1. Residues of segment 36-47 being closer than 15 Å to R22 by Cα and either among the charged types (D, E, K, R) or open to solvent by 50 Å² or more (accessible area, probe 1.4 Å) (or both), which ones?
2. Anything in segment 582-599 that is assigned to a helix (DSSP H, G or I) and in contact with a His (Cβ under 8 Å, 6 or more places away or on another chain)? List them, or say none.
3. Among the candidates L201, L218, single out the residue that is in contact (Cβ under 8 Å) with a residue 24 or more places away in the chain, of a type outside the set (D, E, K, R) and open to solvent by 10 Å² or more (accessible area, probe 1.4 Å).
4. Taking T77 and the conditions (1) touching a Cys at 6+ places or on another chain (Cβ under 9 Å); (2) buried (at least 19 other Cβ atoms within 10 Å of the Cβ), which numbered condition does it fall short on, given that it satisfies the others?
5. Looking only at segment 542-599, count how many residues are closer than 15 Å to I520 by Cα, of a type in the set (S, T, N, Q) and out of contact with any helix residue (DSSP H, G or I) (no Cβ under 6 Å at 6 or more places or on another chain).
6. Please pick out the residue among V97, V175 that is in contact (Cβ under 8 Å) with a residue 24 or more places away in the chain and more than 15 Å from E214 (Cα to Cα).
7. So which pairs qualify, if the first residue must be in segment 547-563 and within 18 Å of Q456 (Cα to Cα), the second must be open to solvent by 20 Å² or more (accessible area, probe 1.4 Å), the Cβ gap must be under 6 Å, and the two must be at least 6 apart or on different chains?
8. Could you tell me which numbered condition G394 fails, if it satisfies all but one of (1) assigned to a loop (DSSP other than H, G, I, E, B); (2) of a type in the set (G, A, S); (3) under 27 Å from R295 (Cβ atoms)?
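The values are calculated or read from the model by the stated rules, or taken from the named source; none is laboratory data. These numbers were taken from a predicted model, which means no experiment stands behind them. Reconstructed Cβ throughout: ideal geometry from the backbone, glycine too, with neighbour counts over all protein chains shown. These accessible areas exclude ligands, DNA and RNA; they are computed on the full protein's heavy atoms, side chains included. Shrake-Rupley method; radii C 1.70, N 1.55, O 1.52, S 1.80 Å.
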Amino acid sequence: MCGIVSYVGHHPAAPILLNGLRKLEYRGYDSAGIAVRNDSEIVTVKAQGRLQRLFDKTDNGNAVEGFCGIGHTRWATHGEPSEINAHPHMSDDGNVVGVHNGIIENYQELKDKLLRKGYHFYSTTDTEVAIKLVDYYWKKYKLGAVDAINRAMVRIRGSYALAIMFRDIPGEIWVARKDSPLIIGAGDGENFVASDVPAILSHTRTVYYIGNLEIGRLTPDCITFYNLDGDVIEHTPVTIEWDAEAAEKGGFEHYMLKEIHEQPMAVRETMNSYVHEGKIAFEEVDESVLAGLERIYIVGCGSAYHAGMAGKAALESLTDLPVEIDLASEFRYRNPKLVRNSMVIIISQSGETADSLAALRLARERGVPVLSIINVVGSSIARESDWCIYTHAGPEISVATTKAYSTQLIVLYLLAIRIGELKGTVSGDYAAELLEGMMKLPDQISRLLEDKERIQWFASKYASARDIFFIGRGMDYAISMEGSLKLKEISYIHSEAYAAGELKHGTISLIEDGTLVVGILTQQGLFEKTVSNMVEVKSRGAYLMAVTSYGNYSIEDTANFCVYIPKTDEHFMTSLAVIPLQLLAYYISVAKGLNVDKPRNLAKSVTVE
């Protein structure tokens, strides 16, 4: 949520800021603004609504002169969406100007203190409080920038990524971070700040990840990091392997459709990273810990949680270990009983998900090792985990995840097989058989994508639906959860997923004539039971879509529309069955004329509770 871009160098800053913010639109926002330092002052321009309004107000940035600036897209948390509440915010005399991602929990307490000190407030945001707190310490104690920011950081409770300019220090940008993501890009005679990689990929692929409770100072030729004591510290740069072209649409109408079609490649690259000569190798993971496991806890949010549900089924089946799964937002509040010889697996696309990060820290506090499954190198969760397994999905721009979810599944399958080998529940021959099946998945996904026109035709019939339900049993229920989420995210149609056996316990009362019910039937041992549930809802007027594997042609006696997926080991069916559900959601959204990549009220990376 929210986006930060900053630039200091020898080129006009405003166009660079605006184009960087455009690359962050997928994160969700309701207003935007920039502040640029010219020869004598800092000029601020803000606009409510879409970023294009800011482009128009600044003549695409050409009307705002200066070579040092900060920009921001805001997702309203404290204060309604408005131009006044939009960032950047400034101190009373305009000396300190800054932008902020995150939530300041004690903002009212700090605001009351500043009011007593004679400060005035024009917005209802917590960000204005943070900026004026820095200004207060700057003026009261005649401190330099490091000490003024340090003192403010010590007083602030909550999460923040701050980018600040001082009128009295021209040509410099200062940043500070706690829990909210922030990266620094290093260029030749220019340096950048961003909340996510795509904003600066067209300028540099060399980045620094600033740590928690650290400060950074940027000039055109220098990047310096400080700890809370004001001491200079060193950071090692990281090279981003993505290129700018990978973050563009590549001829597809929407990023989501492009990313759906990139799944075969993403799945293949993720497998090839950890499977060599028919053997699974997670080089960064201590296999002695995996071999001694007695329990596993999986934690995630949204689609990551759904991937975890499928992973739980695979892990329990192949390792004989008990596996618990939690929504990250619930994990720490239920006071989980974490036993010895256990491990917490955190799943997050961005590696910055606030609730997942909090769950990670709870596990570490209780002495339980954490393994994270992440798509973003150097992210907060990756850095704070004991071990990290990276997915290789590449940049994912559309808010509704597709290829990141698919690569998370792959890592979970590989983990299940490898832990099974280490614990003796999966023989060498069986592991080889499973891996052989996994290696076919990219081509099988490609075959499913060839059926997209047929799904598009069906989706156009249900673009006006009010309610759509997904049902399945076992692992098929996990698939149903993801299919339902994809649909509601981008089509705004009310959609729910239910374990098929629960229909009689209240849910079936929601079925009426014409209600679309999507049945997932990939587990042969549960096929007939799910068919009987589909017959039940059909007798009450439901229109049925079925997703099942080749050979189950008897389903046509029950379902009105059928999608067949290639046969694979049942542990891996989720990877195939989710493809037609992604396409269904996408084409319904397109038929409704909605903004597929930027659905309302949603953000790509949820970095606040």
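1. Answer for segment 36-47, where residues must be closer than 15 Å to R22 by Cα and either among the charged types (D, E, K, R) or open to solvent by 50 Å² or more (accessible area, probe 1.4 Å) (or both): just K46.
2. Passing the criteria: Y586, V590.
3. L201
4. All conditions pass for T77, except number (2).
5. 4
6. Testing whether each residue is in contact (Cβ under 8 Å) with a residue 24 or more places away in the chain and more than 15 Å from E214 (Cα to Cα) leaves just V97.
7. Listed by first residue and then by second, the contacts come to N560/Y543; C562/E556.
8. Answer for G394: the failing condition is (3).
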